[in-house]
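One structure is given below, encoded as structure tokens.
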Amino acid sequence: MDVAFIDDDDVLRAANVQALMLAGLTVMPFASAEAALDDLDETFPGVVVSDVRMPRMDGLTLFRHLKCMDADLPVILITGHGDIAMAVDAMREGAYDFLAKPYPMDRLLSAVRHALEKRRLVLENRDLKRRAEQVDDDEPLIGIAPAMARLRQMLRQLADADVDVLVEGETGAGKEVVANALHRWSRRANRPLVAVNCGALPESMIESELFGHEAGAFTGALKKRVGRIEHASGGTLFLDEIEAMSPALQVKLLRVLEAREVTPLGTNEVKRVNLRVVAASKIDLIDLVKKGEFREDLYYRLHVATLRIPPLRERREDVPLLFGHFLTRAAQRFGREPPPLTATVRRHLDGHGWPGNVRELAHYAERVALGLVAEESAAATSDADAATAAPTPLPERVDAFEAAEIRAALAATKGDVQSAVRTLGIPRKTFYDKLRRHGIDQGRYRAEK
């Protein structure tokens, strides 16, 4: 419901209600303040418009009752010329606006639409705060989407099954969170969780990191080193970005998985290991298998149990919940109160594609907590103004969308060009051409590291 309209004059009430409904608003008409009070409470999602001069309970008394019920409920008062001074006093007390009779209908519509935008933001802020308070920090993979509920259920089922698990999900989707949950909920929780990013280690180092080496095994090996696989014995080995592993290393990993044995470099000694392997990939490994870029036998050895984390764009209902959680956590870390949700932030949450998934959303919440999107909020127009403005030509809308996506990619990657180009999926030269075209200062994002 958008508007509660209160006036004891049947003719005026009917005329205003009809005009509001023709403008696309839903209206509840009331002939008295007492009737309105019986039906309205703090959950009312709309705006109250009330005449001041009414028998028994007048509009000013109604406003004060509503203010006690919910101080953030917008109330617009309709006054005669003799009541303007009283209406101004009411605005000092917190009334949203007043209209002096006779008023043009577009003035009423404008006031109502602006008040509705304010009301929606207030209720969304309350909902964000309520959801953030309900989040269980011990429960991984926050979300109310059915896919997330199924994923959490599968996590519980697999945690103690002690089988190797393959986790598939895009960058920033939460693959490490899944690995941590599998370890924390398993019987191995009191032993180490050892993480290796296969894409971050140089090819010359990863074999030594995984399998360890004896002193003198190669140039620079001055002392014995226990490898990550051996160190994880009794616990869990998390291999992130396993798609980056070289074919030669894939062969050795397959032997570890099949025999649960490891042979450090520079020795023939075979060591038994008791571990669980959780491998993660941001690419569908079966596609790499078909291209001959990933061993088929290793894939099927890992494919015993597979968990897929849906990208954020497939569970948009989780965006407000996650944002509220991250905003509260960021504000606590920065030692400040969580800022209220603005129209600009809400539009970004609703319309952005979140290519960086949960990680990008968390970084955006940090920017909001630090007030770094204030300039964007100041420049933004309200939905009500946009609704009355002339339609924006399609080329301008395409340009605005493109610029917003580039800014979001730069924000998510802290201004790192290589990462931003990869996120956007465009050539580097095209990226720089678009920066110049849209007047985007890449350096501003680097300064926010």
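Observations
- Ratio of Rg to Rh for the stretch 198-348: 1.13 [Cα atoms; Kirkwood radius as inverse mean 1/r over pairs].
- Residues in the stretch 146-181 that a label on R422 would reach, taking backbone N under 19 Å of a point 7 Å out along Cα→Cβ: 167-177
- Subtracting the Cα-Cα distance of E296 and N274 from their residue separation scaled by 0.36 nm leaves 5.5 nm.
- Entry note: the chain has Rg to Rh equal to 1.13, where both radii use alpha-carbon atoms and Rh is the Kirkwood radius.
- Distant alpha-carbon pairs in the stretch 250-327 (separation over 14 angstrom), percent: 72 percent
- Using the Cβ-Cβ distance between A161 and T263 with R0 set to 22 Å, the FRET efficiency from 1/(1 + (r/R0)^6) comes to roughly 0.20.
- For the pair V88 and W185, the difference between a 0.36 nm per residue extended length and the Cα-Cα distance amounts to 28.8 nm.
- Overall size of the stretch 25-181 from C-alpha positions, given as principal axis extents largest first: 79, 29, 27 Å.
- Ranked packing of 199-208, 278-287, 348-357, most packed first, by mean Cβ within 10 Å: 278-287, 348-357, 199-208
- Across K224/K414; K291/K434; K175/K291; K252/K291, pairs whose alpha-carbon gap is larger than 29 Å: K224/K414; K291/K434
- The rule of thumb for compact globular proteins, 2.2 N^0.38 Å, goes into the C-alpha radius of gyration of the stretch 164-278 1.06 times.
- Share of pairwise Cα-Cα distances greater than 19 Å in the stretch 47-129 is 37 percent (whole percent).
- Across the stretch 338-352, rounded Karplus estimates of 3J(HN,Hα) from the backbone phi angles (6.51 cos²θ - 1.76 cosθ + 1.60, θ = phi - 60°) give x, x, x, 5, 9, 4, 5, 5, 4, 5, 5, 4, 6, x, 6 Hz, Gly and Pro being marked x.
We did not get these values from a lab; they are worked out from the coordinates using the rules stated. Quantities reported herein were computed from a predicted structural model and do not represent experimental measurements. Virtual Cβ from ideal backbone geometry, glycine too; neighbours counted across all protein chains shown.
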